[in-house]
Amino acid sequence: MKTDWAEVYRATYGDLVRYLSWRVMDEDRAHDLAQEAFARVLDREASNAHALVFKVAVNLARDEARTVVRRKRHLALLRVEAEVRAEATPLPEEQAQRSEAVERLQRALDTLSERDREVLLLWDAGLSYADIAEQTGLAQAGIGTTVLRAKKKLVEAFDALGRNDAALG
């Protein structure tokens, strides 16, 4: 016997929307989900059409709840990210101090020899000793020593420039 979906719709739609309204707490969305449930079963034959429509609707409501939870989590993450960004935004004085430190670091780098600066910057970029050796033409065995020596010189120059700036300021 062919399912009379028009009759099932008339007999079931009101109950289905009422049920879905309680599940999703939004009457307009409940109507949409009820329509979707009927659309999904229209090409099927069912011995208990009422139960089939409710089964599909239950699954749709469950999917809807998962989607809502994901959206809420996503919005919560976005809120937290925005708060962190707002907290991470430095005050003008901090920004000025950072700018001064970056400028002093650049001046300290300029005091290094070309070779030491290049090796140190390649190392800082994450290149392996083998890659640094290939880039610079230096022996791989000497890269570690060169990096250590360049770091020490850089720190000394940075500190000296800081003392000079403080004495001038």
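No value in this document is a laboratory result; all are computed from the given coordinates. Just so you know, these numbers come straight off a predicted model, no measurement behind them. Because the Cβ atoms are built from the backbone with ideal geometry, glycine has one as well, and the counts that use them run over all protein chains shown.
Straightening the chain between E94 and L168 buys 24.6 nm, computed as 0.36 nm per residue apart minus the Cα-Cα spacing. Rounded to whole Å, the principal axis extents of the Cα atoms in the stretch 92-168 read 42, 23, 15, largest first. Applying 0.36 nm per residue to the separation of Q106 and A141 and subtracting their alpha-carbon distance, the gain on full extension is 9.8 nm.
The calculated FRET efficiency for the pair T67 and R44, based on their C-beta separation and a Förster distance of 35 Å, comes to about 0.90. Between Y9 and E27, the contour length at 0.36 nm per residue exceeds the Cα-Cα span by 4.7 nm.
When semi-axes √(5λ) of the Cα gyration tensor in Å is calculated directly from the model, which label among (i) 60, 25, 10; (ii) 27, 21, 14; (iii) 72, 24, 9 fits? Recomputing semi-axes √(5λ) of the Cα gyration tensor in Å here gives the entry labelled (iii).
Per-residue ellipticity at 222 nm, computed for the chain from helices alone with -39500 (n - 2.57) per DSSP H run of at least four residues, works out to -29000 deg cm²/dmol.
For the chain, complete DSSP H runs whose alpha carbons reach 20 Å or more along their own long axis and whose mean Kyte-Doolittle score is -0.5 or higher are 5-24, 49-88, 140-168.
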